[in-house]
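Written below as structure tokens is the structure these notes are about.
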Amino acid sequence: MTVLSIGLCDDNYDARLALRAALERLLEPQGQRARILEFSSGEGLLGWLGKHPGELNLIFLDMEMGQLNGMETARRLRQRDDTLPIVFVTGYPEHVFEGYQVGALAYLLKPPSPQQLEEVLTRAAAALLRTEDQVYLCRRGEVTYRIPRREILYFSSDRRLVTCVTKSASYSFYGKLDQVAQELGDTFVRIHQRYLVQVQAVEKVSGSQVFVGGQTLPISRSCQQSALIALTRASLEE
């Protein structure tokens, strides 16, 4: 079963505790497992996501926080990920319409009712499904990573361990490169038994090598013809 990873960001401890308890009461009877992480500031949330990108499925974000308020935190989140569902929670109704500037999923007044939270969880699940074609989902242990496809440079494989390399981070999980290639389709091309690259990320092809994200990757003899055809076609379509 996929574990839902939820972030709660509020500088008020009691508010975080109450929201966490309300979410757990909703999720447990449904048999839904949740990993709920708490943050006391926007800076703390952004710093953690910088080290753990793609690990959260939903964020509840307080509007009124210290140095970095909820709206500015949300703007910075959106610069990294425009698909992550964000729910604002506030004690002031006059802020409601501000959430639309960053594509907020919902805006809840404190304390949100169980019915409101249940509706938000349903909408968040639907939003994640709608954006599945924009992200690559991979799982290691209980953590499911949501990686924006446009950020991916290439995948490498070492036996059963696959590593997804993006512009800002790397993610390792157990799987098969053949399966990854099948899931991603023709926007990615196999250049080697160990490498699958995003066609649009290739900077240059030289002989039996490709240059991607500052890295040099080999093109194997068995993949050379199909890889060069795919890469040539992509360059002509730009």
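Annotations
- Using a probe of 1.4 angstrom and keeping all protein chains present, the accessible surface of segment 1-72 works out to 45 square angstrom per residue.
- Global geometry of the chain, whether rounded, prolate or oblate, following the gyration tensor of its Cα atoms and the 1.5 cut on a/c: prolate
- From phi via Karplus (6.51, -1.76, 1.60), per-residue ³J(HN,Hα) for segment 153-163 in Hz, x at Gly/Pro: 9, 6, 10, 10, 10, 10, 6, 9, 9, 9, 10
- Rg to Rh quotient for segment 96-229, alpha carbon positions, Kirkwood Rh: 1.12
- Computed 3J(HN,Hα) for segment 62-70, one whole-Hz value per residue from the Karplus formula 6.51 cos²θ - 1.76 cosθ + 1.60 where θ = phi - 60°, is 6, 7, 9, 10, x, 5, 10, 6, x, glycine and proline marked x.
- The amide H of residue 213, built 1.01 Å from its N in the peptide plane, has 203 as neighbours under 5 Å, considering only residues 5 or more places off or on other chains.
- Distances between placed amide hydrogens fall under 5 Å for residue 219 paired with 209, 210, all partners being 5 or more residues away or on another chain.
- Each Lys and Arg adds +1 at its Cβ and each Asp and Glu adds -1 at its Cβ; summed about the Cα centre, the chain shows a dipole of about 1100 debye.
- Working note: Karplus 6.51/-1.76/1.60 with θ = phi - 60° gives segment 123-137 the couplings 5, 5, 4, 5, 5, 5, 5, 5, 9, 4, 6, 9, 10, 10, 9 Hz, where Gly and Pro are set to x.
- Count of Lys pairs (Cα-Cα under 26 Å; at least 8 positions apart or interchain) in the chain: 4
- For segment 1-126: rounded, prolate or oblate by the Cα gyration tensor [a/c cutoff 1.5]: rounded
- Carbon + sulfur, % of accessible area of the chain - ligands and nucleic acids excluded, 1.4 Å: 48 percent
- Near residue 39, the amide H atoms lying under 5 Å from its own belong to 8, 9, 10; only residues 5 or more places off or on other chains count, and H is placed 1.01 Å from N.
- Length gained when the stretch residue 75-residue 229 is fully extended (0.36 nm per residue, less Cα-Cα span): 51.4 nm
- Approximating the spin labels as points 7 Å out from Cα along Cα→Cβ, the residue 206-to-residue 52 distance works out to 4.0 nm.
- Loop-located trypsin sites (Lys or Arg not before Pro) in segment 113-204 (DSSP state other than H, G, I, E, B) with a sparse environment of at most 15 neighbouring Cβ atoms within 10 Å: 159, 160, 167, 176.
The values are calculated or read from the model by the stated rules, or taken from the named source; none is laboratory data. Here the structure is a predicted model, which means the values were calculated and not measured. Counting neighbours? That spans all protein chains shown, and the Cβs are built from the backbone with ideal geometry, glycine included. Side chains are part of the model used for accessible areas, which takes the heavy atoms of the whole protein and leaves out ligands, DNA and RNA. Shrake-Rupley method; radii C 1.70, N 1.55, O 1.52, S 1.80 Å.
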